[in-house]
């Protein structure tokens, strides 16, 4: 039996049980007019060009991040601008995933600093796709074996790309392993406890947005259907306790 209690979930994952402040687009958070917002239970909005700064500025950096805030914000803005220029749908998807991941990380009671890291990692989880032609990323038909192998390299490409940024060191395992599955059938064969919690959170958020959004190769699914798919894959693709939390957020917002 899994619980949606924040303290118990955080304790299970070896994290502080004290609930942090809502870091990003939490219920009741006042944001600048026009700021990007994804509400669970609603179809994702399309992103306006400058809204990424609004998202970053809602992050409550803790003491260890305060001196790096301007540097990180500048770097992340530059990286997301590069992603947007390369492929706008992937950019949209990355923003959506960062919001979902932040909500889930906050709900399970992770420390504020960890939620910040997960949010930024989720925002950059597909940065490795800048190495893949848009014609492949948005191909409406079936990918060839060669194209699929290229797609599967994007987590490693992302890790290699971010290695030059010292602030990313605590996040690259989340980015590198966000396509791993708890049963070991993911891209690189990691399983269970070998996958960090941040990567497991991003995996759930990534899958949900992929299903609920319109893509060249698939039609969007209803939120209820997406949640059912997440639940069907508990224990194989996803950490069951995280899915339970995520579905409870979706049900509360629908």
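The values are calculated or read from the model by the stated rules, or taken from the named source; none is laboratory data. The model shown is predicted, which means the values in this text are computed figures rather than measured ones. Every residue, glycine among them, receives a Cβ derived from its backbone with ideal geometry; neighbour counts consider all protein chains shown.
Which ones in segment 196-229 are assigned to a helix (DSSP H, G or I) and more than 15 Å from the chain's Cα centre (by Cα)? Working first, answer last.
Taking segment 196-229 as the starting set, the residues that turn out to be assigned to a helix (DSSP H, G or I) are 197-212, 223-229.
Answer for segment 196-229, where residues must be assigned to a helix (DSSP H, G or I) and more than 15 Å from the chain's Cα centre (by Cα): 223, 224, 225, 226, 227, 228, 229.
Is there a residue being at pLDDT below 85 and either surrounded by 15 or more Cβ atoms within 10 Å (Cβ to Cβ) or part of a helix (DSSP H, G or I) (or both) anywhere in segment 80-94?
Restricting attention to segment 80-94, the residues satisfying the condition of being at pLDDT below 85 are none.
No, the conditions are met nowhere in segment 80-94.
If you scan segment 125-154, which residues turn out to be at pLDDT below 95 and within 13 Å of the chain's Cα centre (by Cα)?
none
Could you grab me the full set of residues in segment 164-219 that are within 22 Å of residue 231 (Cβ to Cβ), in contact with a helix residue (DSSP H, G or I) (Cβ under 9 Å, 6 or more places away or on another chain) and surrounded by fewer than 14 Cβ atoms within 10 Å (Cβ to Cβ)?
The answer is 183, 218.
Yes or no: segment 166-174 includes at least one residue that is in contact (Cβ under 8 Å) with a residue 24 or more places away in the chain, over 23 Å from residue 115 (Cα atoms) and assigned to a helix (DSSP H, G or I).
no
Within segment 124-144, which residues are touching a residue at least 60 places away in the same chain (Cβ under 8 Å) and over 14 Å from residue 215 (Cβ atoms)?
So in segment 124-144, the residues touching a residue at least 60 places away in the same chain (Cβ under 8 Å) come out as 125, 138-141.
Passing the criteria: only 125.
Has segment 145-159 got any residue that is touching a residue at least 60 places away in the same chain (Cβ under 8 Å), in a helix (DSSP H, G or I) and crowded, with 16+ Cβ neighbours inside 10 Å? Step through it out loud before you land on a result.
Kept after step one, since they are touching a residue at least 60 places away in the same chain (Cβ under 8 Å), are these residues of segment 145-159: none.
Within segment 145-159, not a single residue is touching a residue at least 60 places away in the same chain (Cβ under 8 Å), in a helix (DSSP H, G or I) and crowded, with 16+ Cβ neighbours inside 10 Å.
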